[in-house]
Amino acid sequence: MHKTSVEISGMGHSMKRKEDSRFLQGRGNYVDDVNLPHMVYGHMVRSPYAHAKLKSINTEAAKKLPGVLAIITGEDLAKANLAWMPTLFFDKQMVLATGKVLFQAQEVAFVVAEDRYTAADAAELVEVEYEELPVLVDPHKAMDADAPILRDDREEKSNHIFHWEVGDKQATDKAFTESAVNAKVHAVFQRCHPAPLETCGCVADYNNATERLTIYLTSQAPHAHRTLFSIVGGIPEQNIRVVSPDIGGGFGNKVPIYPGYVCAVVASLTLGVPVKWIETRSENLQSTGFARDYHMTAELAADKTGKIKAMRVKTLADHGAFNAAAQPTKFPAGLFSVCTGSYDYPAAFCEVDGVYTNKAPGGIAYRCSFRITEAAYLIERAVDVLALDLKMDPAELRRKNYIQPAQFPYKTPLGWTYDSGKYEGALDKALGMVGYKEIRKEQEEKRKKGELMGIGISSFTEAVGAGPAHTFDIAGIKMFDSAEIRIHPTGKAICRMGTKSQGQGHETTYAQIVAQELGIPAKDVIIEEGDTDTAPYGLGTYASRSTPTSGAATAIAARKIREKAKKIAAFLLEASEEDLEWEPGKFFVKGAPGKAKTIQEIAFAAYTNIPPGLEAGLEAVNYYDPPNLTFPFGTYICVVDIDKGTGEIKVRRFIAVDDCGNVINPMIVEGQIHGGLTEGLAIAFMQLIDYDENGNVSGGSFMDYLIPTAVETPHWETGLTCTPSPHHPFGAKGVGESPNVGSPAAFVNAVVDALSHLGVKHIDMPITPWKVWNILKEKGITG
Amino acid sequence: MAKKELIKLKINGKEREVAAEPRLLLVHFIREQLGLTGTHVGCDTSNCGACTVLLNGKTVKSCTMFAVQADGAEIMTVEGLPSNGALHPLQEGFKEEHGLQCGFCTPGMLISSYALLKKNPNPTEAEIRWGISGNLCRCTGYQNIVKAVQFASKKMAQGGK
Amino acid sequence: MIPPAFEYLRPKTLPEAVGLLQQHGEDAKILSGGQSLIPMMKLRLARPSHLIDINRIAGLSYIREDGGFLKIGGLTREAELEASELIRTKYPLLLDTARVIADPQVRNLATVGGNLAHGDPANDHPATMLALGAQIVATGAKGERVIAIDDFFVSLFTTSLDHGEILTEIRIPIPPAKSGGAYFKLERKVGDFATAAVAVQLTLDGPGAVQKVGIGLTNVGGTPIRAKRAEEALRGKKLDAATIGAAAQAAADAAQPSSDLRGPAAYKTGLIKELTKRALARAAERAGK
Ligand SMILES: Cc1cc2nc3c(=O)[nH]c(=O)nc-3n(C[C@H](O)[C@H](O)[C@H](O)COP(=O)(O)OP(=O)(O)OC[C@H]3O[C@@H](n4cnc5c(N)ncnc54)[C@H](O)[C@@H]3O)c2cc1C
Ligand code: FES
Ligand code: FES
């Protein structure tokens, strides 16, 4: 790729972010910063029980409190047919409970008052009478004959949501009977939560004079949300404007539509004033989209030399009370079937069963594409168990089984087509960075002294960029994405996209794509996203899809503009188009570089000196439907030291070698990797949303849902290799999620490696000090 | 409702006088009464530090203090970082070293870093990490925040601000 | 989350504060650093009718040696302990403790008096003060009274302070030469309360045997615990591995933890044993210097 000048700052430049200035001065505009005249506040009343009959709701005392404007219950919503709403995956979810509640912290009533404080006081005065019902917490008991049926609204009187299988069962079973080694691991990917630092919220503003509803919404997918509000609420779509302001982190949490949004809209429609609803952190953790909760078993069949022959996977998925999995594939377990990983073998079979329990609904794609993290974790864990069984070095076992560069595009046994990869390159680079030989030697010496140290490797393959319309949609809307570019007469530009940044730096990276394609300096290009009245339709930002989709659309739209610019240049230079050559920023006549027209001159001419037969103006739109996903990959290596006395684990080093194809902005890519690794660290060692036998949630606030501080977070060491995507217009793959997908296995593999000589093969996350200590105690090493 | 108390304070160099209910949290007072929305709320259990402001020269979590307690105090929020028209070296450092992504933790981080550098103009990496340990960031993994503080420390030593 | 309403009172003197406490009865509460009380109010776990803010009362914040005691004013902030030259050079146990309480912002407000008066066994100062053999000065309508730290912690969130009393001072006997202390706390992350922690303060005699020792345990029971048997196991003995081991076991036996998100009870007991060893070793090392 041609590298542009620093002035232009096209792709490959570590341009400083254009969005930073406002954030650094406290001038960002997050949803809670939106203040409108006459605005009032909503507060949710929530269920203290996990499963209970709703006997009565008495709002009298609350209504009497001065300043209280309205109290909405499920019965009220039922009258407008809004007590339930569809989820993003073929189920429905209660907006406000009617009949019964199905999880602790479920939405029961919505109080609206003149200010936040009164709303909170009134919520406490709402008297709700419950009659407790038997609670189902353990997903393994969901299909037992004596399990309480949770969803009596459904026709099927069962807690079973789906059974899904993929692959060749016969061939797989055969490979297992014929193979010398059969390694097996049972791994739970625990329930965790994206917990962006900003919680979810909205300001719903219905203007009864114009009949327009404006919703300021922490939305990763504003256009899709507008359409859903229209379909569910019966409001003509042209009368809805969703504005997604600055977003304080999303990580998948802000993809679904939550009951609070619907209630705020209903309240604004009823009261005719703007209604703000901002959830608290505890509400965020206890009721909005959780992630994972996959209970998985993987088996790998291999020959004695370590060549893998087949994989068999059986998984139980806990979806909570409603199947609110925010996932747009046609497959109930999303992209989980990429679980065959970075390895080449002919047979695999994977089955997943989903069940209901009395827990918060969700199953969202937390910083990953729809169940990829679970999949990557499972295969990378299973490979390590196989290495233990074979007494082989885990790096060498991986090397032996990698899909080879010449095999791409590679069709996996479960049906995905990987676009490109050079897995060994990433492995070698990571091994070199960590000094693998020396560090293994150190480990051996430490073991002799009774010290515990471990090295964990993960060679993950990610699948991002949803996605090809044949496989992906949200409520039927295909997963293309869009870009619109307008060049002003002075050669500056404004572009709008269907995606929505939540910190990824779109205002910079998209501008760099335009700069790369048109030679207009990135600083002269304004990027706008999130306002459905102005931006072209798109499906939003999650699953690392922005670069693969809107990024591609931006390049293609820019190329359309370049085509027209060429015509104008030919006219201005009195040359034929065939005689013109392009370099970023100008067209010149072949062999006569002095005879040139800059893109700025061309833009001016597009409005002032229009060639005959051409339309005025210089702009283009593109809706890009990617032919395939892109498949970033990498190798991560983690080194841990364990304190035998306390069970504490210290991550001494962490090397992350990523390959996301061509890079738009190396600084931003590195930042994404740091952030994702830190989230992976938290999942591996600290985080769990748990429930006791009565369905009481724990880990429901930042006191117990632990976010690592700068002190626990290690100094990350990063590296890149570059294997472009052959089908993406500029060879990029997404990157934001790789570190979150690839790292959990590296952390866990490192801890298991430190303890493997004691016979330890697996420990479930979060690997807390007490779990390690318990093992050491059992083995007589400590205590 | 308890009777309102008159609160007189100096915020970012400006005298303000506003009546508020005693239970009004300082963060809501700053954001809603005084209209300075740079200070954020990220939790309800005093854990995240997004609400950090400088009160009489010390960092505090403005979500864990009543506005009445700040009567007579001098407060600095992110909007008041001394800048002389340009960015403060810390703000510059955060931009240069990519110390922010979504920006939600940034105001609190800036205030904590500001207080840290006042106390310790040349901190080590470990001291920086401890100095910002009351501020959670979900996006950056802290590494570039550390670099940003180091950038500012250097720049200020060279006669910045 | 939004705290419930209350009346706010800001006395300028101690007698005025004591008077207000009496006047408004059981539902009135002292507001000190507010770092325990306000979080509880936001969760609506505390609903005081009146808050008596003692932050503007002059003369309640100091750290000084006087009359054989280190005296810490009730309103002294954790950050002030951390920054104090006196604490830094002579009271390593207090420095260790102040440093691992909460986070920088909380330490700027949280007071040592509040930390003790809150009566929370998860707080760090109680164990430290048990180890140091501190005395608590309570000021009420009838003036001052001194409470031995061993009599101070009654039950979860309850101390022997009367409702009308304010904790105004903590007195710690100035340790003789060859004294040292250490605090070892295991926390899940910075800013967390202890999974378990051990405070040790000891004085060695000429030949290096333990002359005086105090051991306090954090967050392993309904109240902060003083490990008396462990202290006995040490007195008069040299700190060899066997003695340390026996004392650590005795400390573990004194712990009565319950299982929770921070770990199962057996783990916490094991931690007490391990942390006691480490704290003893470091305290002895410091005493030797
Ligand atoms: C995020 C976070 C993390 C924390 N982590 C820790 C930790 O790791 N270790 C730890 O020890 N603490 C921790 N704390 C608690 C903190 O140290 C508290 O501030 C302390 O326990 C109470 O001190 P305070 O001055 O804030 O008291 P306040 O909150 O003002 O008061 C607490 C209670 O004591 C009473 N009280 C206060 N002062 C007096 C007095 N002088 N006389 C009589 N009664 C009084 C009050 O009426 C109230 O009932 C943490 C707090 C937070 C918010
Ligand atoms: S808002 Fe989280 S600590 Fe103040
Ligand atoms: S930049 Fe998003 S939380 Fe720190």
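Odds and ends about this structure:
- Residue among A:218, A:210, A:118 that alone is β-branched (Val, Ile, Thr), within 30 Å of the chain's Cα centre (by Cα) and closer than 30 Å to residue A:30 by Cα: A:218
- Scanning segment B:1-43 for residues that are assigned to a loop (DSSP other than H, G, I, E, B) and farther than 24 Å from residue A:68 by Cβ yields a total of 11.
- Of all residue pairs spaced 6 or more apart or on separate chains, those with beta-carbon atoms under 6 Å, a first member in segment B:60-72 that is of a type in the set (Asp, Glu) and a second member that is more than 14 Å from ligand 2 (Cβ to nearest atom) and not in a helix (DSSP H, G or I) are B:71/B:7.
- Strands (runs of 3 or more DSSP E) enclosed by segment A:585-702 - at least 1 residues per element that are more than 29 Å from residue A:14 (Cα to Cα) and touching a residue at least 40 places away in the same chain (Cβ under 8 Å): A:633-642, A:649-659
- From B:18, B:68, residue being away from ligand 3 (no atom under 16 Å from the Cβ), facing another protein chain (nearest Cβ under 8 Å) and more than 17 Å from the chain's Cα centre (by Cα): B:68
- Residue in segment A:692-714 that is nearest to residue A:361 (Cα to Cα), counting only those that are under 21 Å from the mean Cα position of the chain (by Cα) and more than 8 Å from every other protein chain (Cβ to nearest Cβ): A:700
- Among residues of segment B:44-58, those that are within 16 Å of ligand 3 (Cβ to nearest atom) and in contact (Cβ under 8 Å) with a residue 60 or more places away in the chain, counted: 5
- Boolean, residue B:30 is surrounded by 20 or more Cβ atoms within 10 Å (Cβ to Cβ) and more than 16 Å from ligand 2 (Cβ to nearest atom): no
- Of the helices (runs of 4 or more DSSP H) lying entirely inside segment C:1-120, the ones with 2 or more residues being away from chain B (no Cβ under 13 Å) and touching a residue at least 12 places away in the same chain (Cβ under 8 Å) are found at C:14-24, C:85-90, C:92-99, C:112-117.
- The one condition in (1) on the phi > 0 side of the Ramachandran plot; (2) away from ligand 2 (no atom under 16 Å from the Cβ); (3) modelled with pLDDT of 95 or more that residue B:145 fails to fulfil: (1)
Table: residues versus (1) part of a helix (DSSP H, G or I); (2) at the interface with another protein chain (Cβ under 10 Å from one of its Cβ atoms); (3) more than 30 Å from residue A:516 (Cα to Cα); (4) not acidic (Asp, Glu).
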site	(1), (2), (3), (4)
A:7	no, no, no, no
A:17	no, yes, no, yes
A:28	no, yes, no, yes
A:38	no, no, yes, yes
A:50	no, no, yes, yes
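- Elements of type helices (runs of 4 or more DSSP H) contained in segment B:60-161, each with 2 or more residues being crowded, with 18+ Cβ neighbours inside 10 Å, in contact with a strand residue (DSSP E or B) (Cβ under 8 Å, 6 or more places away or on another chain) and not β-branched (Val, Ile, Thr): B:106-119
- Segment A:334-360: number of residues that are modelled with pLDDT of 95 or more, buried (at least 24 other Cβ atoms within 10 Å of the Cβ), outside any strand (DSSP E or B) and not small (Gly, Ala, Ser): 8
- Segment C:131-158, residues that are exposed (fewer than 14 other Cβ atoms within 10 Å of the Cβ), in contact (Cβ under 8 Å) with a residue 24 or more places away in the chain and touching a Ser or Thr at 6+ places or on another chain (Cβ under 8 Å): C:144, C:154, C:155, C:156
- Within segment A:719-738, the presence of a residue that is closer than 21 Å to residue A:284 by Cα, assigned to a loop (DSSP other than H, G, I, E, B), within 14 Å of chain B (Cβ to nearest Cβ) and not hydroxyl-bearing (Ser, Thr, Tyr) is excluded.
- Residues that are away from chain B (no Cβ under 13 Å) and among the polar types (S, T, N, Q) are absent from segment A:678-691 altogether.
- Among the residues listed as B:17, B:96, B:21, the single one being assigned by TED's automatic domain parsing to the domain that holds residue B:146 and either more than 16 Å from ligand 2 (Cβ to nearest atom) or at pLDDT below 95 (or both): B:96
- Note on segment A:703-716: residues that are in a loop (DSSP other than H, G, I, E, B) and among the aromatic types (Phe, Trp, Tyr) total 1.
- Residue within segment A:189-205 that is away from chain B (no Cβ under 14 Å) and either free of Cβ contacts under 8 Å to residues at least 24 places away in the same chain or over 30 Å from the mean Cα position of the chain (by Cα) (or both) present: no
- Scanning segment B:113-135 for residues that are more than 10 Å from chain A (Cβ to nearest Cβ) and either farther than 16 Å from residue B:49 by Cβ or within 16 Å of ligand 1 (Cβ to nearest atom) (or both) yields B:117, B:118, B:119, B:120, B:121, B:122, B:123, B:124, B:127.
- Here residue A:157 meets each of (1) surrounded by fewer than 21 Cβ atoms within 10 Å (Cβ to Cβ); (2) among the charged types (D, E, K, R); (3) touching a residue at least 60 places away in the same chain (Cβ under 8 Å); (4) not assigned by TED's automatic domain parsing to the domain that holds residue A:50 with one exception, condition (3).
- Qualifying residue in segment C:226-244 (condition: in contact with a strand residue (DSSP E or B) (Cβ under 9 Å, 6 or more places away or on another chain), modelled with pLDDT of 95 or more and within 14 Å of chain A (Cβ to nearest Cβ)): no
- Selection within segment B:1-15 - at the interface with another protein chain (Cβ under 10 Å from one of its Cβ atoms) and closer than 15 Å to residue B:65 by Cβ: B:5
The values are calculated or read from the model by the stated rules, or taken from the named source; none is laboratory data. Given the structure is predicted, the values throughout are model-derived calculations rather than measurements. Note that we place each Cβ from the backbone using ideal geometry, even for glycine, and neighbour counts take in every protein chain shown.
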